[in-house]
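Enquirer: Next up is a structure, given as structure tokens.
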Amino acid sequence: MRYDVTRTTCPYCGCGCQMLLEAMDGKLVSTMPLKETDMNGGKLCIKGLNAHEFVHSKDRLTRPLIRENGRLKETDWDTALDTIVSGFSRIKEQHGSDSLAFFSSARCTNEENFLLQKLSRAGFGTNNVDHCARL
Ligand code: SF4
């Protein structure tokens with residue numbers, strides 16, 4: 001049996017608590033707070049303590065879905081991205097840039113969040129961009 005411990009940052013909010021993920025045979029099995037850090041000093045909130053659980057969830061989306069005739073259907077990434085680009089472009093053309101809004105996630109990295117606001121402002125011309133950690 002293989003056992004690994006990996007230091008990482010909690011994906012749930014912007015506090016940046018440090019944690020250790022335990023894996024057995026490549027599967028995450030627990031989350032532990034990192035003691036040697038000023039950020040969270042050996043503690044995690046209830047969300048952080050369960051941060052490993054969504055990774056292997058059977059309900060997790062692993063492929064893009066497109067709604068057709070009221071039903072969600074699996075598709076490939078190129079088709080999904082083409083659908084998003086054409087849909088967003090049509091909405092912008094018909095109703096203006098501020099008819100669009102972008103909402104990012106605490107589960108994304110800082111770099112991914114930066115890119116989303118860049119896409120919103122520079123790509124589609126709207127400042128309607130927000131993040132779930134602000135709610
Ligand atoms: S452990 Fe809780 S407070 Fe710390 S980053 Fe995760 S969600 Fe935020």
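Enquirer: Tally up the residues in the stretch 30-78 that are touching a residue at least 24 places away in the same chain (Cβ under 8 Å) and of a type in the set (Gly, Ala, Ser), please.
Expert: Residues that pass the stated criteria total 2.
Enquirer: May I ask you to list the residues in the stretch 1-21 that are without any contact (Cβ under 8 Å) to a residue 24 or more places away in the chain and farther than 24 Å from residue 104 by Cβ?
Expert: Let us first name the residues in the stretch 1-21 that are without any contact (Cβ under 8 Å) to a residue 24 or more places away in the chain, namely 3-6, 8-9, 16, 18, 20.
Residues satisfying the conditions are 3, 4, 5, 6, 20.
Enquirer: Is the stretch 79-96 home to any residue that is without any contact (Cβ under 8 Å) to a residue 40 or more places away in the chain, over 23 Å from residue 131 (Cα atoms) and touching a Gly at 6+ places or on another chain (Cβ under 9 Å)?
Expert: No, because not a single residue in the stretch 79-96 is without any contact (Cβ under 8 Å) to a residue 40 or more places away in the chain, over 23 Å from residue 131 (Cα atoms) and touching a Gly at 6+ places or on another chain (Cβ under 9 Å).
Enquirer: Right, here's the next one. Six or more apart or on different chains, Cβ atoms under 9 Å: show the pairs whose first residue is in the stretch 98-121 and over 14 Å from residue 84 (Cα atoms) and free of Cβ contacts under 8 Å to residues at least 60 places away in the same chain and whose second is open to solvent by 100 Å² or more (accessible area, probe 1.4 Å) and part of a loop (DSSP other than H, G, I, E, B).
Expert: The qualifying pairs are 98/127; 117/127; 121/127.
Enquirer: Wholly within the stretch 53-122, which strands (runs of 3 or more DSSP E) include no fewer than the required count, namely at least 2 residues that are open to solvent by 70 Å² or more (accessible area, probe 1.4 Å)?
Expert: Values: elements: 65-68, 71-74, 102-104.
Hits in the stretch 53-122: 65-68, 71-74.
Enquirer: Is there a residue being touching a Leu at 6+ places or on another chain (Cβ under 6 Å) and modelled with pLDDT under 90 anywhere in the stretch 36-56?
Expert: First, pick out the residues of the stretch 36-56 that are touching a Leu at 6+ places or on another chain (Cβ under 6 Å): 52, 55.
Filter once more, keeping what is modelled with pLDDT under 90: 55.
Yes, the stretch 36-56 contains a residue that is touching a Leu at 6+ places or on another chain (Cβ under 6 Å) and modelled with pLDDT under 90.
Enquirer: Okay, moving on. Considering only residues that are among the aliphatic types (A, V, I, L, M) and surrounded by 14 or more Cβ atoms within 10 Å (Cβ to Cβ), look in the stretch 12-38 and name the one that is farthest from the ligand (Cβ to nearest atom).
Expert: Initially, the stretch 12-38 is screened for residues among the aliphatic types (A, V, I, L, M), giving 19-21, 23-24, 28-29, 32, 34.
Now restrict to residues that are surrounded by 14 or more Cβ atoms within 10 Å (Cβ to Cβ): 19-21, 23, 28, 32, 34.
Values: 19: 7, 20: 12, 21: 13, 23: 19, 28: 15, 32: 11, 34: 11 Å.
Across the stretch 12-38, the extreme among qualifying residues is 23.
The values are calculated or read from the model by the stated rules, or taken from the named source; none is laboratory data. Computed from a predicted structure; not experimentally measured. Cβ atoms come from the backbone with ideal geometry, glycine included; neighbour counts cover every protein chain shown. To get the accessible areas, we keep the full protein, side chains included, count just its heavy atoms, and leave off ligands, DNA and RNA. Shrake-Rupley method; radii C 1.70, N 1.55, O 1.52, S 1.80 Å.
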